Structures are given as C-alpha cells and as structure tokens.
Amino acid sequence: MATPPDVSDASDTTAPTRATAPLPKRTRAHDIPGSELPPIVPPRRVGLRLSAAAALLVFTTVLVSVVRNEAFQWDVVGQYFTTTAVLDGLLLTLWLTGAVMVLGFLFGTVLAVMRLSANSVLRTLSWGYVWIFRSTPLLVQLLFWFNIGALYPTLGLGIPYGPQLFTIKTVNLLGPTLTAVIGLTLHESAYAAEVVRGGILSVDPGQTEAAQALGLSRRRTLRRIVVPQAMRSIVPTAGNMLIGTLKGTSIVSVLAVHDLLYSVQLVYNQNYQVIPLLMVATLWYVAVTTVLSGGQYYVERYYARGSSRSLPPTPPRRLRVRLTALRARLHTLTAPGGR
C-alpha cells in the first residue's frame, strides 16, 4: 500500500531542516526589505498640550503676582511666623483637632452600631441624634453650649428627686476650651456615625455569614472581620473630616479660645498688620494640611493591600523612576553618536 506524500515527508526525520536567520530584536516594519507598512506614530494631542501650557501660564502668573506683591509684607510674615503666641495657638489647634477626632469617632462608632442594631429603640435614638446635630449649624451649637449656664445654673449629683450629694456651678465647670471640645465632639460624632455606618454596610454580608458559620461572636466578627474591611471605605472620608476639623477649629475663636486664628487676631489688633498676620495663619494651615494629606495617602494605601494584586508606586518612587529615566535620556543624548 502506497504511503501518502505528506505522511512520508512527516515520518522522514532525516530530511534536512531549512535554517532561518533570526530577525533583529528591534526590527521595525519600514526596515524590512520589501515591506511597505508605515511606521506607527503616537497621536500628538495638540489641544491637551495647549491647555496644559495655558494652565501652567495662569498658575505662574498668579504665583508671581503673590510673591512680588509688596502688600503681603513677606518680611513681616517671616518675623511673626514662629513667634511664641503663634506657636502656642498652633499647638492648641492641633490638640483640639486630635481630641475632637478621637472622641468623635469613638462616640460615632457607638452610634453607628446602635443604628445597625436589631433593637428599634437603639436605632431610633441613634437616628434622632444624627438628625438633630446634622441639622443645626456648628456655630449655633457652640454658642448654645457656651451659654448653657442660663438653662442649668448648677449641676449636681444625688438621689433622683431626692437630696443632692454635691453641686457645682456650670460657669465654673465649663470654660471656653472645654465648651469647644464638647461642642465640636458632639457635632463631629454625628458625621462620624454616618461614615462608620457606610463603611460597615460596604462589607459583603457573606463575610458576616461565614464568621457566624465558624461560630464567632457578633462582637468578634465586628472587630476582627467587618471593621478591618470597612476601613478601606472609612479612611478617605475620615481623612477629609480630619482636615475639615483642623480648619473648622478656627470657629472657636468666637468663644475666645486661643487657637491659631485667635492668637493671630490678638497680634494684629495690636500692630494693625492684618494681611501679614492672616498670611501667617494661612501658611500654617496649609503646612499642617499638607502633612495630614500625605499621612492619609499612606493609610489608604495600607488598607488597600487586599483590593488589588499590586499597589501603585508611591509618589517618591514615581519621582525616582522619572529622574532615573531622565538621567538615562540625558546620558544617551550626551554620549558620542547619541541622538
């Protein structure tokens, strides 16, 4: 029986193989003889470059006008930037911000858990608290707590509807700083409750069901499984609240609390250098906000570890890569025969 030609050729292992020369690694289409394919050219995007140049021009113009404007009196700004009064006000602002955020989120977490509870009384009380404190302006709340002595002149501890063990005057108990802490904490806790509740609701319910199937208690499920996953949704909003609270503490100056803004106001009420002293406060707020924004970025990066296979490079690493690429490009251009 005759063997087909294709079968005989395939079974013949002694047939010589034709050697083909490998192409260069970076062979382009127009370098291959006989090829008529045009080279691939990226789009020029002229409009995008023009808009970027216009935005850079506007920014440069504004920056130069601010720096060269003599009305800002930059020498006076430098003179008062690190004075004792300004630094004391800055420390009080930082302390007030930290205390309000910690206490606000602790109380807000309790309110969020109450709002998600199966008990209708706890849900109603939590909803009512959030509704009242989110519906009232912060300045009104601070003024209300500052004048709480008009409603309750004295506070006491004793048997209900019976004798009082001891009493204290409200005016002596609530000073301006304590009033600011109470007012800001109660206000921030209402917003923190919604932030925490939204983060908890963002977690897949299957996580809780799996924890219950393993026999974990509700408290441990919330603390070890739900909250760590909810932090990815909580941290961005919490960071914005932190920065907002830092700037919002300036409103306590109406209560004569010696924060950063009030300390600056005391200084320019004496020397009448209003613009330079306001610029001092502005520069300190910008500096602290920049530091907090950088910290927020790294905290978000920490809690986003399980959301993707690899995390994006940090800004210092991106800058290092670009500088390395630029250095290599400059070396190529300055090398003999480089182009």
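The values are calculated or read from the model by the stated rules, or taken from the named source; none is laboratory data. What you see is a predicted model; the values in this text were computed from it and never measured. No Cβ is skipped: glycine too gets one built from the backbone with ideal geometry, and neighbour counts run over all protein chains shown. For accessibility, only protein heavy atoms count, side chains too; no ligands or nucleic acids. Shrake-Rupley method; radii C 1.70, N 1.55, O 1.52, S 1.80 Å.
For the reader, a short list of remarks on this structure follows.
- Among the numbered conditions (1) at pLDDT 90 or above; (2) over 23 Å from Val140 (Cα atoms); (3) among the β-branched types (Val, Ile, Thr), the only one that Thr185 does not meet is (2).
- The residues of the range 109-118 that are of a type in the set (S, T, N, Q) and at pLDDT below 90 amount to a single one, Ser117.
- Any chance Ile168 is open to solvent by 60 Å² or more (accessible area, probe 1.4 Å) and touching a Ser or Thr at 6+ places or on another chain (Cβ under 9 Å): yes
- Of the candidates Leu92, Leu103, the single residue that is open to solvent by 60 Å² or more (accessible area, probe 1.4 Å) and of a type in the set (A, V, I, L, M, F, W, C) is Leu103.
- Test: residue in the range 220-237 that is modelled with pLDDT under 90, farther than 19 Å from Met114 by Cβ and out of contact with any helix residue (DSSP H, G or I) (no Cβ under 9 Å at 6 or more places or on another chain): no
- Selection from the range 67-89 of residues that are surrounded by fewer than 18 Cβ atoms within 10 Å (Cβ to Cβ) and within 18 Å of Thr289 (Cβ to Cβ): Phe81, Leu87
- When residues in the range 106-128 are screened for being surrounded by fewer than 19 Cβ atoms within 10 Å (Cβ to Cβ), assigned to a helix (DSSP H, G or I) and either of a type in the set (Ser, Thr, Tyr) or in contact with a strand residue (DSSP E or B) (Cβ under 8 Å, 6 or more places away or on another chain) (or both), 2 of them pass.
- All positions within the range 285-321 that are among the small types (Gly, Ala, Ser), in contact (Cβ under 8 Å) with a residue 24 or more places away in the chain and closer than 30 Å to Arg68 by Cα: Ser293
- Qualifying residue in the range 183-206 (condition: open to solvent by less than 60 Å² (accessible area, probe 1.4 Å), over 17 Å from Val110 (Cβ atoms), in a helix (DSSP H, G or I) and without any contact (Cβ under 8 Å) to a residue 24 or more places away in the chain): yes
- Pairing residues of the range 269-284 that are closer than 12 Å to Val86 by Cβ with residues that are in a helix (DSSP H, G or I) and open to solvent by 60 Å² or more (accessible area, probe 1.4 Å), at Cβ distances under 8 Å and at least 6 apart in sequence or on separate chains, gives Pro276/Trp74.
- When each of Gly198, Gly156 is tested for being under 24 Å from the mean Cα position of the chain (by Cα) and either among the small types (Gly, Ala, Ser) or within 23 Å of Ala238 (Cβ to Cβ) (or both), the lone residue that passes is Gly198.
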